[in-house]
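Reviewing the structure listed below.
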Amino acid sequence: MSLSNVKCLDECRHLEFRAAQVFHGHRLMNHVISRTDVTNKEFCGVLCFMEPKCVSYNLMTKNENGKHNCELNNATYEENKRDVEENPNYVYRGAKVKAFQKIKLTMLKVFLAFDFLLHVYLKCQFDALISS
């Protein structure tokens, strides 16, 4: 599953939940920023995408009311292996995060505009030298 933020305000991000970052029977502790019950397991990934600080989540397979307990995390297991707990009722899913800052795109546009103007200026200077 892959999600991209279409609305870029200050920063866009792309979350990619890969099979290699899924651990059945495990749960990341001490980094939970939000807990919610969801009826659809996939919705937990959507909630993670919508929370800017979320980079992974723990999903309880089913709780007593027939829903899934979705825990959003602000960290991944890669940096916090000591905080991973074995729990047969949970699935841990980590995301690969790519952030695209608008400022970088703006700087690229400015650079390209400057490059174009410099090229035009040098061409004009060269043409003036040849014609005189």
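Computed from label points 7 Å out along Cα-Cβ, the spacing between Asn63 and His14 is 3.4 nm.
Kindly rank 33-39, 70-76 from highest to lowest mean number of other beta carbons found within 10 Å of each residue.
So the peptides 33-39, 70-76, ranked by packing, come out 70-76, 33-39.
Note on Asn89 and Val46: the model spin-label points, each 7 Å out from Cα along the C-beta direction, lie 2.5 nm apart.
For the residue pairs Lys62/Lys98; Lys41/Lys98; Lys53/Lys81; Lys53/Lys96; Lys67/Lys96, the C-alpha atoms sit more than 21 angstrom apart in Lys62/Lys98; Lys41/Lys98; Lys67/Lys96. Here the calculated FRET efficiency for Val97 and Lys123, from their Cβ-Cβ distance with R0 = 41 Å, stands at 0.40, rounded to the nearest 0.05. A crude spin-label estimate for the pair Asn74 and Ser34, with each label 7 Å from Cα along the Cβ direction, gives 1.3 nm. The string of couplings for the range 53-65 from the Karplus curve (6.51, -1.76, 1.60, θ = phi - 60°) is 8, 7, 10, 6, 8, 10, 10, 6, 4, 7, 9, 5, 9 Hz, one whole number per residue in order, with x for Gly and Pro.
Taken together, the values in this text are just the output of simple stated rules run on the coordinates, not laboratory data. From a predicted model like this one, the values you see are computed outputs, not experimental measurements. Quick reminder, even Gly has a Cβ in these numbers, built from the backbone with ideal geometry, and neighbours come from all protein chains shown.
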